[in-house]
Amino acid sequence: MFHTREWLQALGQTYGYRPAALTTSGPNCKLSNGVVFCRVQSWFTGRRLVSLPFSDHCEPLVGTSEDFATLLSSIQEKARLENCSYAEVRSTRAFSTITSHGWPEMRRYFLHRLDLRGGPAMVFSNFHSACVQRRIGRAEKSGISIREGRDPGILKDFYQLVIETRRRHGLLPPPKIWFANVAKYLGRSALIYCAYKDGRAVGAILALEFKNTLYYKNGASLPQFHKLGVMPYLLWHAIHTGIDRGLKVLDWGRSDCDNLGLVTFKERWNAERQPISYLRWPGGRPSADRTWIRRLLPATCKIAPANCLAALGAFSYRHFA
């Protein structure tokens, strides 16, 4: 999904990033490999090459470590020529050439994937009985309804939940236009699932589809309805729908390695973990340009009105890809 033209169009239209790709294939040859990246240019956080912003992972499309080494060298040269502070590649694979070419691992996350083959009954049977299965059953009995779509009404309900959820976590929300552009450019490949209780939106997720994979991208909910099992019910609805459409894998997205609560939650669905390595050239200590912001952000987010929070997110998000 993160290599597609549609995803790159959504990034470009929302944040003004210029996408490009590097390949060893000649102009008259069949395309055999490539690394997709975006140029991020910010007066606040500097200039850099990222593969890719706001994407959990963007695997270099290479068959051998030799090709990967060549493309890494090309990215380094491109970063030098464009006076970038760094270049970053977000990979789910490890190549022996990384260290020798000066691309150390600057950050590591867990990526969880769930095998959807075998049908709904088999997939459901592997969920944790108390923490997942019973909560789904509780939601089914509580009168929660689920609506699917991409129209302005469901997008509005979803975004209001995103603002409240991000506030609760002391984080800025992505701009609303980002979700609108994802829906616009990805079309049927993007779908919002929104849960309602007595006509009120109480939880929602954004899911993407590409080939045989279902991607969980964003989730938001009201905490007072967690006891009803809203989020597990939404996730199961999306999973069941995906299985019915022939999808084979659920990509849960990344988790911080030290976020044991989120990691445990995903693994209770029988999802398997693997590392995601964020490789950065040049090496050394990560940039400290976000340190003071991180100290002020939680308190600011928790007291700001919803419209101010949305405006702050729309203004600042593009600077922190």
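The values are calculated or read from the model by the stated rules, or taken from the named source; none is laboratory data. These numbers come from a predicted model, not from an experiment. Cβ placement follows ideal geometry from the backbone for every residue including glycine, while neighbour counts extend to all protein chains displayed.
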In region 89-113, what count of residues is obtained for those that are at pLDDT 95 or above and either closer than 18 Å to residue 23 by Cα or of a type in the set (A, V, I, L, M) (or both)? 1
Within region 235-284, considering residues that are among the small types (Gly, Ala, Ser) and part of a strand (DSSP E or B), the one farthest from residue 208 (Cα to Cα): 277
Only one of (1) over 25 Å from the mean Cα position of the chain (by Cα); (2) in a helix (DSSP H, G or I); (3) surrounded by fewer than 21 Cβ atoms within 10 Å (Cβ to Cβ) fails for residue 124. Which number is that? (1)
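Would region 217-224 turn up any residue that is charged (D, E, K, R), touching a residue at least 24 places away in the same chain (Cβ under 8 Å) and outside any helix (DSSP H, G or I)?
First, pick out the residues of region 217-224 that are charged (D, E, K, R): 217.
Filter once more, so that each one left must be touching a residue at least 24 places away in the same chain (Cβ under 8 Å): 217.
Still in the running and outside any helix (DSSP H, G or I): 217.
Scanning region 217-224 turns up at least one residue that is charged (D, E, K, R), touching a residue at least 24 places away in the same chain (Cβ under 8 Å) and outside any helix (DSSP H, G or I).
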Just checking, how many residues over region 178-199 are closer than 30 Å to residue 16 by Cβ and more than 16 Å from the chain's Cα centre (by Cα)? 6
Which number in (1) in a helix (DSSP H, G or I); (2) buried (at least 16 other Cβ atoms within 10 Å of the Cβ); (3) not charged (D, E, K, R) marks the one condition that residue 110 misses? (1)
